[in-house]
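Read the structure below first, then the notes.
The values are calculated or read from the model by the stated rules, or taken from the named source; none is laboratory data. Keep in mind it's a predicted model, so treat the numbers as computed, not measured. Cβ placement follows ideal geometry from the backbone for every residue including glycine, while neighbour counts extend to all protein chains displayed.
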Amino acid sequence: MGGIVFRDAQAAPGELSTSQQATRAMSQPRPRNNPGPEAIVSAVSDMLCRVCERAAVALPQDLLLADVPNIDSLRLLQTIALLEEQFSIEIDVVALERLHRVRDIVKLISDALPEE
């Protein structure tokens, strides 16, 4: 019973803190409209650049993941986890062994999206 409740200094009693508002917004159901192939390509490219702390550029789909600037295995896993969250999908860990190029991530996401 009970527990520690952390409050933002800016939140008045009874108001949601910024982190509570963000958590509530993320837990809202998202529309299940599947994105088009271009949207998936763009999201993968943007996420790789963001996680690897690079300026957002359109990465070629045939680019080897090992050639993405500043990439390492941890950043790749972080990218996959964030993309899973963004697209509300789950990717089988075994499938990660087959990732060699940017297009492999795009295909993995496309395959994991539910049929409409």
Residue match in the stretch 12-27 (condition: exposed (fewer than 10 other Cβ atoms within 10 Å of the Cβ), in a loop (DSSP other than H, G, I, E, B) and at pLDDT below 55): no
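Residue by residue, here is whether (1) within 19 Å of ASN34 (Cα to Cα); (2) under 17 Å from the mean Cα position of the chain (by Cα) holds:
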{"site": "PRO60", "(1), (2)": "no, no"}
{"site": "PRO69", "(1), (2)": "no, no"}
{"site": "GLN78", "(1), (2)": "no, yes"}
{"site": "LEU82", "(1), (2)": "yes, yes"}
{"site": "GLN86", "(1), (2)": "yes, yes"}
{"site": "GLU90", "(1), (2)": "yes, yes"}
{"site": "GLU115", "(1), (2)": "yes, no"}
Filter the stretch 43-99 for residues that are assigned to a loop (DSSP other than H, G, I, E, B) and without any contact (Cβ under 8 Å) to a residue 12 or more places away in the chain; the one that is farthest from ASP111 (Cα to Cα) is ALA55
